[in-house]
Amino acid sequence: MTLVFASSNQNKIKEINAILPPGFEIKGLKEVGISEEIPEPGSTIKENSYLKAKYVAEHLGSTSKVGVFADDSGLEVEALHGAPGVYSARYAGVPKSDEANNKKLLKELSIATNRKARFVTIITLILNGEVLYFEGEIKGTIAFEGRGTNGFGYDPLFIPQGYRSTFAELSPETKNTISHRAMAVNKLIDFLSRTKSETSNSQL
């Protein structure tokens, strides 16, 4: 099954490809001729996820039978009343910079004793005119300094619940087992696998 992923973020594409089982193929934005950055004017993570998927589906046209999915993720910090949330990618402004975002987050939490946070991913799938959502969440805390060289985004600062290491200190294999994105992608895969199986059975 071929799907178009509404992203040009090679880190995300690589991470999702590592989770997908055999039988699934992902095409990124460049492979379907979209080079511009997709607008994200939504006020929530779910809305931005939907708008990105809708943008790509409209680009492909109504005759396309290829499924399109988009994800939007956000880090929500309890002491910051849920910030950076929907603005996670641009927390420190434009252009987007992981390093600047992490520095700003540490500064905002410089005197905070409550370091609780959660990562949320919402995937929107548009398939045969139907819109479906798949959500993943992982709770944890924010470290007092960046640690580790794996991953991207806030990974050097986020310590998942039950671990002492940040996402950036964990191996990609471990992160892809427990992360918010992995949870959402696995729900997407379960749905697609069932759909694929039902379609095959109906053709027997």
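Observations on the model:
- Note on segment 30-55: among residues that are aliphatic (A, V, I, L, M) and in contact with a helix residue (DSSP H, G or I) (Cβ under 7 Å, 6 or more places away or on another chain), the one that is farthest from residue 142 (Cα to Cα) is 32.
- Residue count for segment 147-166, restricted to those that are touching an Asp or Glu at 6+ places or on another chain (Cβ under 7 Å) and on the phi > 0 side of the Ramachandran plot: 2
- Note on segment 26-76: residues that are of a type in the set (D, E, K, R) and exposed (fewer than 10 other Cβ atoms within 10 Å of the Cβ) total 3.
- When we screen 195, 177 for residues that are within 17 Å of the chain's Cα centre (by Cα), β-branched (Val, Ile, Thr) and either over 24 Å from residue 44 (Cβ atoms) or exposed (fewer than 15 other Cβ atoms within 10 Å of the Cβ) (or both), the only hit is 177.
- For segment 121-156, filtered to residues that are among the polar types (S, T, N, Q) and outside any strand (DSSP E or B), the residue that is nearest to residue 67 (Cα to Cα) is 128.
- Unmet requirement for residue 91, which otherwise passes all of (1) buried (at least 19 other Cβ atoms within 10 Å of the Cβ); (2) in contact (Cβ under 8 Å) with a residue 24 or more places away in the chain: (2)
- Test for residue 178: is it β-branched (Val, Ile, Thr), in contact (Cβ under 8 Å) with a residue 40 or more places away in the chain, touching a strand residue (DSSP E or B) at 6+ places or on another chain (Cβ under 8 Å) and within 25 Å of residue 22 (Cα to Cα): yes
- All told, residue 80 meets the bar of being crowded, with 16+ Cβ neighbours inside 10 Å and either over 19 Å from the mean Cα position of the chain (by Cα) or not aliphatic (A, V, I, L, M) (or both).
- The set of residues in segment 152-172 that are free of Cβ contacts under 8 Å to residues at least 60 places away in the same chain and not hydrophobic (A, V, I, L, M, F, W, C) comprises 155, 156, 160, 161, 162, 163, 164, 165, 166, 169, 171.
- Residue match in segment 84-106 (condition: over 30 Å from residue 32 (Cα atoms) and assigned to a loop (DSSP other than H, G, I, E, B)): yes
- Given (1) surrounded by 16 or more Cβ atoms within 10 Å (Cβ to Cβ); (2) under 24 Å from residue 178 (Cα atoms); (3) within 14 Å of the chain's Cα centre (by Cα), index of the condition residue 3 fails: (3)
- Yes/no for residue 173 being modelled with pLDDT under 95 and not in a strand (DSSP E or B): yes
- Count - residues of segment 1-42 that are under 22 Å from residue 127 (Cβ atoms), part of a loop (DSSP other than H, G, I, E, B) and of a type in the set (D, E, K, R): 1
- Yes/no for residue 49 being within 24 Å of residue 172 (Cβ to Cβ), in contact with a Leu (Cβ under 7 Å, 6 or more places away or on another chain), in a helix (DSSP H, G or I) and at pLDDT 95 or above: no
The values are calculated or read from the model by the stated rules, or taken from the named source; none is laboratory data. The model shown is predicted, which means the values in this text are computed figures rather than measured ones. Every residue, glycine among them, receives a Cβ derived from its backbone with ideal geometry; neighbour counts consider all protein chains shown.
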